């Protein structure tokens, strides 16, 4: 097989020493021969810099200095990247074995696609598997209807990234989703039905700690694309689906921040606009109802029991620098 191109991975880091070592190991353990690894630390004070220094001889470039947030840090790394393909892995997430190689092969074999994405796993702080995220082939409309990808499963062509621009500093929470939409507007995106990455959820994770903030940013993003000439016709033809999807996405984020009453109001608005969109999220509607009734502990007991049987108590365990599934 012909030599695979150089691929650049960027890890933005800020005060997540509890997870950073594992993140770095998951990148270095890929055994991909042409991998450029960049770590951009925002001036951590929790020992993260010592962890980075431990691997400095295998990191192509790293820095620890104050920045303007996650998007700014990632952009700093992306602008230094030399790889034909690029991706970023947050400092609490993990790559599964051979993810980088399989993504590079997919991009090389499909020169017409702008980015590729695999399936993903949701894990907790101890690497216990909470959920499996299976995706399908998506397009720009699907993304505008808030079909959300696990960010670490995505790998991009640098040439397209430089053409469409880097992460928008105006977004702090939907910055990745905005970028995927811009890639999809530029050309096809490709799904590979393999598990490539694990995204970690914990109390300090941005998706939990700032859940309610997603609502404002999501509304602003949809407003931007509503007026985008490249998408205007598609938006006009699918206004109801997009509106109902936005209400449903917002409701899910409000549940994460335990604003159950607001979540139910959003579900009701979505139901009035396009019922089918809400019916696909019936499980979250039940969670909002039970939360509003003060029965959240009962729901969480049910959810945790279901997860236990579905995922059979599996963990991601280390074997050297390789991850594997373990009961």
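The values are calculated or read from the model by the stated rules, or taken from the named source; none is laboratory data. These numbers come from a predicted model, not from an experiment. Reconstructed Cβ throughout: ideal geometry from the backbone, glycine too, with neighbour counts over all protein chains shown.
General remarks:
- Condition broken by residue 289, with the remaining ones in (1) crowded, with 17+ Cβ neighbours inside 10 Å; (2) assigned by TED's automatic domain parsing to the domain that holds residue 227; (3) over 17 Å from residue 146 (Cβ atoms) satisfied: (1)
- Test: residue in segment 140-147 that is buried (at least 19 other Cβ atoms within 10 Å of the Cβ), part of a loop (DSSP other than H, G, I, E, B) and at pLDDT 90 or above: yes
- Options 173, 185, 167, 179; residue that is within 20 Å of residue 93 (Cα to Cα), touching a helix residue (DSSP H, G or I) at 6+ places or on another chain (Cβ under 7 Å) and free of Cβ contacts under 8 Å to residues at least 60 places away in the same chain: 173
- Looking only at residues in segment 36-58 that are in contact (Cβ under 8 Å) with a residue 40 or more places away in the chain and not in a helix (DSSP H, G or I), the one that is farthest from the chain's Cα centre (by Cα) is 36.
- Beta carbons closer than 6 Å, at least 6 apart along the sequence or on distinct chains, pair a first residue in segment 300-315 that is under 18 Å from residue 96 (Cβ atoms) with a second that is surrounded by 14 or more Cβ atoms within 10 Å (Cβ to Cβ) and modelled with pLDDT of 70 or more for 311/129; 314/129; 314/325; 315/127; 315/128.
- Count - residues of segment 54-66 that are buried (at least 18 other Cβ atoms within 10 Å of the Cβ) and closer than 11 Å to residue 24 by Cα: 1
- The set of residues in segment 232-268 being free of Cβ contacts under 8 Å to residues at least 24 places away in the same chain and surrounded by fewer than 20 Cβ atoms within 10 Å (Cβ to Cβ) consists of 232, 233, 236, 237, 239, 262, 265, 268.
- Single match in 38, 51, 123 (criterion: surrounded by 21 or more Cβ atoms within 10 Å (Cβ to Cβ) and not assigned by TED's automatic domain parsing to the domain that holds residue 177): 123
- Residues located in segment 303-327, provided they are at pLDDT 80 or above and surrounded by fewer than 14 Cβ atoms within 10 Å (Cβ to Cβ): 317, 319, 320, 324, 326
Okay, residues lined up against (1) over 24 Å from residue 22 (Cβ atoms); (2) without any contact (Cβ under 8 Å) to a residue 24 or more places away in the chain; (3) touching a strand residue (DSSP E or B) at 6+ places or on another chain (Cβ under 7 Å):
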| residue | (1), (2), (3) |
| --- | --- |
| 120 | no, no, yes |
| 123 | no, no, yes |
| 140 | yes, no, no |
| 147 | yes, yes, no |
| 154 | no, no, yes |
| 159 | yes, no, no |
| 162 | yes, yes, no |
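- Residue 192 part of a helix (DSSP H, G or I) and outside the structural domain of residue 244 (by TED's automatic domain parsing): no
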